[in-house]
1. Among the residues of segment 95-113 satisfying the criterion of being free of Cβ contacts under 8 Å to residues at least 40 places away in the same chain and assigned to a strand (DSSP E or B), which is surrounded by the fewest Cβ atoms within 10 Å (Cβ to Cβ)?
2. Taking interchain pairs and intrachain pairs at least six residues apart, which have beta carbon atoms under 6 angstrom, with the first residue in segment 246-274 and under 15 Å from residue 312 (Cβ atoms) and the second outside any strand (DSSP E or B) and at pLDDT below 90?
3. Taking residue 320, is it touching a strand residue (DSSP E or B) at 6+ places or on another chain (Cβ under 8 Å), more than 15 Å from residue 276 (Cα to Cα) and crowded, with 18+ Cβ neighbours inside 10 Å?
4. Please specify each residue of segment 275-302 satisfying the condition of being in a loop (DSSP other than H, G, I, E, B) and closer than 19 Å to residue 426 by Cβ.
5. Those residues that are at pLDDT 80 or above, part of a loop (DSSP other than H, G, I, E, B) and surrounded by 12 or more Cβ atoms within 10 Å (Cβ to Cβ), I need them from segment 228-251; list them, please.
6. With segment 125-227 as the region, which helices (runs of 4 or more DSSP H) entirely inside it contain at least 2 residues that are buried (at least 20 other Cβ atoms within 10 Å of the Cβ) and in the same structural domain as residue 24 (by TED's automatic domain parsing)?
7. Within segment 9-37, work out how many residues are modelled with pLDDT under 85 and closer than 24 Å to residue 91 by Cβ.
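The values are calculated or read from the model by the stated rules, or taken from the named source; none is laboratory data. Only a predicted model underlies this, so the values are computations on that prediction, with no experimental measurement involved. We place every Cβ from the backbone using ideal geometry, glycine too, and count neighbours over all the protein chains shown.
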């Protein structure tokens, strides 16, 4: 085992992380980060592979998510999904997994006294899942049910529609979950071949936060670090250019209209991320934001409206999401345009100060649990942004200026570049922004 680096304690030290984090790389290529929280009563372990739906080839859309399901299924230790979940529940723990465009992530959080058991369960999950044909078919059916639920959750479906519109014609166009046709076409051999490549030890990253003992580290190295090396693999996927389409409509016979207004944005980097977070807090980060105060409170056009960014390693976009009655669609779109024009004209210093206080306060509160801390480190290290940890997340937020926000807003909110995604009883010809 070789220590790659030991970071100085930063903002996290003020949240009971007393000695900073350490990043280790075992001989088999697995990287592990320890973030000790000496007074915590819990332990959280996350592991991930930087493989997501962007790495999929035509005909296999949804396979990353399918493999995630299979890794949560049957093993020699747990002959059924139910037994595994009951076991974690009996420890007082929680566990789940998710797949995104650029990575697949698994986590488990338990009381600290059960940390070794959680580590062993994780290792079995990663290295011992059984891809038996009848289990594959059962999970294929589960994914179909998940698709049906997604289609009923029209807010999420509208978000998928926006991503498909924004990246029309690229690998980002298809939903992470895939389609019924692509899921039907994936075989057991397809799953095994994809998993063998996507879960090589050289790709795996493990994050542990909480009350970590020397015994926990020994268990982790025995369970993960002594697995056989599977060699290196070069990750690559095509850059996803922005599509040329401007409007996407999916018709549903409902009285509400779900609406997203999107703009080509920027890829992830630490300084811009801080500016984006503050910009979105001022524009659409709650009832007191500009969009919340005007479109929700003053005009009573919606119950919820928000502004957020979606940043990836090489691309990203900005969006405003809301819903309204069909008869109010034209009005709410005009109001959004007016607020964007006013926003691009510039923000006030007191708005900036208020947004900083809010984000810093919520960040501090959010870093009180091992699960949140492990997730934060995972997100930052995955983005190759170790510097944001040592520079201090809060200092980056404090350093954002009025000029930074105004420049970012003028760069992103070019109204002629707007994309519109709608779900409801609407025709594309009737949409005007």
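1. First, the residues of segment 95-113 that are free of Cβ contacts under 8 Å to residues at least 40 places away in the same chain: 95-98, 113.
Okay, now just the ones that are also assigned to a strand (DSSP E or B), so 95-98.
Details: 95: 21, 96: 11, 97: 18, 98: 14.
Ranking the candidates gives 96 first.
2. Listed by first residue and then by second, the contacts come to 266/272; 267/314; 268/383; 270/385; 270/388.
3. Working: touching a strand residue (DSSP E or B) at 6+ places or on another chain (Cβ under 8 Å): yes; more than 15 Å from residue 276 (Cα to Cα): no; crowded, with 18+ Cβ neighbours inside 10 Å: yes.
Taking the combined requirement at face value, the residue does not satisfy it.
4. Within segment 275-302, the first condition is being in a loop (DSSP other than H, G, I, E, B), and the residues that meet it are 285-289, 299-302.
301, 302, listed by residue number.
5. Matches in segment 228-251: 229, 240, 241, 242, 243, 245, 246.
6. Details: elements: 133-152, 154-166, 180-185, 188-198, 214-220.
Those helices (runs of 4 or more DSSP H) span 133-152, 154-166, 188-198, 214-220.
7. Adding up the residues that qualify gives 2.
Yes/no per residue for (1) in contact with a strand residue (DSSP E or B) (Cβ under 9 Å, 6 or more places away or on another chain); (2) within 15 Å of residue 262 (Cβ to Cβ):
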residue	(1), (2)
285	yes, no
288	no, no
296	yes, no
302	yes, no
312	no, yes
329	yes, no
